[in-house]
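See below for the structure under consideration.
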Amino acid sequence: MSDIRDDVVAGFEEIYGYAPAGSWSAPGRVNLIGEHTDYNLGFVLPFAINRRTIVALGLREDRVMRVASEFADEVVEIPLGELTPERLHGWAAYPLGVAWALSQFGADLAAVPGVDLYIESTVPVGAGLSSSAAIESAVAIALSDVWRLSFDAPTLAKVGQLAENKAVGAPTGIMDQSASLLGRRDHAVFLDCRSLESSLVPLGFDEAGLEILVIDTGVSHSHATGGYAARRASCERGAAALGVASLREVSVDDLPRARETLDDETFRRVRHIVTENQRVLDTVIALRETGPHAIGELLDASHVSMRDDFEISVPELDLAVETAQLNGAIGARMTGGGFGGAAIALVPRENISRVQVAIDGAFAEHGFAQPGMFTVTPSEGATRD
Ligand code: GAF
């Protein structure tokens, strides 16, 4: 971590010609279980990972905001008074969108100093590990600190979500920013997306001799276009047809009645959300009462539900999950919004290389590009470094 921080500080100095006031960082996340339940006001259980985005920040004497990063050659500059979502494009929409979103939560951009930001990240982009939430959360915590806003983590999560929804244009929920801001070492964040109450659930992977293996299929996805928004719209249609404000209000016992009211496709979308909420609750109980060895079947069932009912998996994700299950994983599922990205497998440490070799072989046999594979550990959320 200190090496990356040194790099970011050096990168900042090279671009801006002076030393930053400090650096802040925020992690990507793996969602253990609870997919597409956040915008349905249900339950999620993500954890922050040991891959982080770091922001070095310097204060200016005028009211201009400049952003630069390792992802782009350009330095983007805008007067704080001119920040609106419509003016923001490309990668810079993430950090600049956060500054705009802070103003929507009460920050007075006419009363704060300008800033220079330089950003680097070890969260892989496009792998479904929330590289975007990591940028938003790192920038949100940095600006909140230097602008002395005293916003708490749940508010900063809403700020990041607003930036993503309005400046980036992806109709995503609150999960990713919450995981990045609230995560703790060796714990998952159990979040009720209706009340926004959260609690930490011990994962105990290390003591149990288990590892989380991420299999990045390399199949790219975007939540600003296509399938993600379509799934969100089906859920809203399902809720309206059932006469409820959100699918959170539908329980597993209500499903037989829902089947009579809804067309087959909408029913399957609704069934995924309703059963997934129940699986999150069951996973929390299993972790608290028994330990991580007890959650494998819930992870497997979650994947089947996303594959068959919500239809957000792709052949590469299905192959990664099946191959992991056949080679010693105790559970596996795709993670994140779907249509590409990554799968996770919960694997006894002694089986990790067997699973990796098997997945490499299976991908080659099917003519799929070689996937990226690495283990992650549940880590600390956003912090000043
Ligand atoms: C993406 C979104 F950003 C989250 O809000 C969530 O909906 C997730 O997909 C699916 O669970 O990561």
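The values are calculated or read from the model by the stated rules, or taken from the named source; none is laboratory data. Note that the structure is predicted; figures quoted are calculated from it, not measured. A quick note on method: Cβ atoms are made from the backbone with ideal geometry, for glycine too, and the neighbour counts reach across all protein chains shown.
Just a few scattered comments:
- Some residue of segment 317-330 being in contact with a Ser or Thr (Cβ under 7 Å, 6 or more places away or on another chain) and part of a helix (DSSP H, G or I): yes
- Filter result for LEU317 (within 16 Å of the ligand (Cβ to nearest atom) and touching a strand residue (DSSP E or B) at 6+ places or on another chain (Cβ under 7 Å)): yes
- Segment 168-188 residues that are at pLDDT 95 or above, paired with ones that are near the ligand (Cβ under 8 Å from one of its atoms) and hydroxyl-bearing (Ser, Thr, Tyr) (beta carbon under 6 Å, 6 or more apart): GLY173/TYR39; ASP176/SER130
- The residues of segment 345-372 that are over 18 Å from the mean Cα position of the chain (by Cα), under 21 Å from SER302 (Cα atoms) and crowded, with 19+ Cβ neighbours inside 10 Å, listed by number, are LEU346, VAL347, VAL355, ILE359.
- Residue identified as assigned by TED's automatic domain parsing to the domain that holds CYS193, within 16 Å of the ligand (Cβ to nearest atom) and modelled with pLDDT of 95 or more among TYR118, TYR94: TYR94
- Segment 247-271 residues that are touching a residue at least 60 places away in the same chain (Cβ under 8 Å), paired with ones that are surrounded by fewer than 19 Cβ atoms within 10 Å (Cβ to Cβ) (beta carbon under 6 Å, 6 or more apart): ARG248/ARG194
- Some residue of segment 135-156 being touching a Lys or Arg at 6+ places or on another chain (Cβ under 9 Å) and surrounded by fewer than 17 Cβ atoms within 10 Å (Cβ to Cβ): yes
- Residues of segment 34-63 satisfying the condition of being closer than 20 Å to GLY381 by Cβ and within 9 Å of the ligand (Cβ to nearest atom): GLY34, ASP38, VAL44, PRO46
- The residue that is surrounded by the fewest Cβ atoms within 10 Å (Cβ to Cβ), among those in segment 21-33 that are more than 12 Å from the ligand (Cβ to nearest atom) and under 22 Å from the mean Cα position of the chain (by Cα), is SER23.
- The lone exception for ASP300 - which of (1) more than 15 Å from LEU213 (Cα to Cα); (2) of a type in the set (Asp, Glu); (3) assigned to a helix (DSSP H, G or I) it fails: (1)
- Scanning segment 209-221 finds one or more residues that are more than 20 Å from the chain's Cα centre (by Cα) and more than 23 Å from LEU319 (Cα to Cα).
- So SER195, is it within 14 Å of the ligand (Cβ to nearest atom), outside the structural domain of ARG288 (by TED's automatic domain parsing) and either surrounded by fewer than 17 Cβ atoms within 10 Å (Cβ to Cβ) or within 17 Å of PRO46 (Cα to Cα) (or both): no
- Looking only at residues of segment 136-178 that are assigned to a helix (DSSP H, G or I) and touching a Cys at 6+ places or on another chain (Cβ under 9 Å), we find that the one that is farthest from the ligand (Cβ to nearest atom) is SER178.
- Residue within segment 209-226 that is closer than 27 Å to LEU182 by Cβ, buried (at least 18 other Cβ atoms within 10 Å of the Cβ) and at pLDDT below 95 present: yes
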